[in-house]
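**Student:** Pasting a structure below so you can have a look.
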């Protein structure tokens, strides 16, 4: 009885081996590795140009924020000076009004 099973076991084993070889030749052989995928993303990605554009715009925004902060600081200083000048002019106007009132 065991002698009659060997042809079936042999043919099944050969079928499995052939199936594995076909599977390897058709699918596994053409699979890419993780390193290859990382390299493709880093060098051939259509988003590489977009990434560069985004980084440039971020840098431009940072530069604009710095310039805006400096302009805002200068405006604050000018506003402070204007407040002092307005107060001085107000005091001078009061003094002039008092002199006019005395003269009348």
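Bear in mind these aren't lab numbers, they're just calculated from the coordinates by the rules spelled out. Not measured: the values here are computed from a predicted model.
**Student:** Distances longer than 22 Å among the Cα atoms of the chain: what percent of all pairs is that?
**Tutor:** So the pairs more than 22 Å apart make up 75 percent of the total in the chain.
**Student:** Report the full-extension gain for the segment residue 6 to residue 56: residue separation times 0.36 nm, less the Cα-Cα distance, to one decimal in nm.
**Tutor:** Gain on stretching residue 6 to residue 56: 10.9 nm.
**Student:** On the first, second and third principal axes, largest extent first, how far apart are the outermost C-alpha atoms of the stretch 46-104 in Å?
**Tutor:** If we take the Cα atoms of the stretch 46-104, the spans are 85, 13, 6 Å.
**Student:** Counting only helical runs of four or more DSSP H residues, what would the 222 nm mean residue ellipticity of the chain come to if each run contributes -39,500 (n - 2.57) and the total is spread over all its residues?
**Tutor:** -32500 deg cm²/dmol
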